[in-house]
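Comments concern the structure below.
Taken together, the values in this text are just the output of simple stated rules run on the coordinates, not laboratory data. Keep in mind the model is a prediction, meaning the values are calculated, not measured. Neighbour counts run over all protein chains shown; Cβ positions are idealised from the backbone, glycine included.
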Amino acid sequence: FAIDVVAVEAPALEAQPSGICPGGDLTLSVQPYTGTDVSYEWFLDGNPLGTTLEPMLEVTGAQSGSYSVLVTVDGCTAEAAVEVTAAEAPTAVDDSYTGQFRQDLQGSSILANDSPAGDLTLGTVSQPAHGTLTLNPDGSFTYSPREDFAGTDAFTYEVCLSSCPELCATAQVTITIEEELCFIPNVLTPNGDGKNDQLVIPCLENNRFPDNSIRIFNRWGDEVFSAEPYNNDWQGTRDGKDLPAGTYFYLFRRSADEEPRQGFITILR
């Protein structure tokens, strides 16, 4: 007598979708087989998931791993496996920017160093404390510091995978607004026309540096004016009398603990 040996064709195992979110649903399938006794045993990393009579298995709460199937056709078997990788949370990296006093800061994309590129949605977690923020979907932003603010501010943003919105990460953007350099005019024209009649140092406005001080000397080193604090009100006088036109020299401190700045002022009459 003769014995017919029939080989079982290797199954073409497919997993859909190919990329899954953690805990998502996964469909495993192979081509159907014909025979008197056909069954499909399914496994994840060698651990049984179940046996079906149909060439398909719906997996809920799927996870990363090696999914395999053992097909039995009338006592003969064949098997195949496929790797499935669940998505992971994105990576968000802190950023830092430097801006100028009383100027809007235009920031380039904060997404440039985050990953994966192209699959991220962006949102704001916390606003800056000392200014206003406009954050655009592409990661560019505009930061407008409060008019009198200089120092460090920050905001926090969140990126989530577009394909798996529950997978998110946060990062902080630190913004340093540099202090205004105290510009001191070097020409004073106290002629009563309301223009440049007083020595005005802009950074002293709004009492920003309440511990400031200034001393002004003539060319012989005699002190002709001093104030602590200075209130932007000197009109080129000494003891209430107009000083002659000429060049005078100053020592100025924004605060008591800093080294004095020195320079000159010319009075024109």
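Sorting 157-163, 111-117 by average packing, meaning the other beta carbons within 10 Å per residue, from highest down gives 157-163, 111-117. For segment 103-134, the residues whose amide N sits under 11 Å from a probe point set 7 Å from the Cα of THR156 along the beta carbon direction are 125-127. A full extension of the chain between ASP233 and THR51 corresponds to an added length of 56.3 nm, given 0.36 nm per residue minus the alpha carbon distance.
With R₀ set to 30 Å, the beta-carbon distance separating ALA256 from SER109 gives a calculated FRET efficiency near 0.10.
Could you tell me the relative contact order of the chain? Use alpha-carbon pairs under 8 Å, at least six residues apart, and round to a whole percent. Computed over the chain, the figure is 12 percent. Computing FRET efficiency as 1/(1 + (r/R0)^6) for ASP193 and ARG146, where r is the C-beta to C-beta distance and R0 is 41 Å, gives about 0.75.
About its Cα centre, the dipole of the chain is roughly 2100 debye, where the only charges are +1 on Lys and Arg Cβ and -1 on Asp and Glu Cβ. Cys residues of the chain that find no other Cys beta carbon under 4.7 Å: CYS76. For the pair THR124 and THR27, the difference between a 0.36 nm per residue extended length and the Cα-Cα distance amounts to 31.4 nm. Subtracting the Cα-Cα distance of GLU9 and GLU166 from 0.36 nm times their residue separation leaves 52.5 nm of extension gain.
Of all DSSP beta bridges in the chain, what percent run antiparallel (nearest 5)? So the antiparallel bridges amount to about 90 percent of the total.
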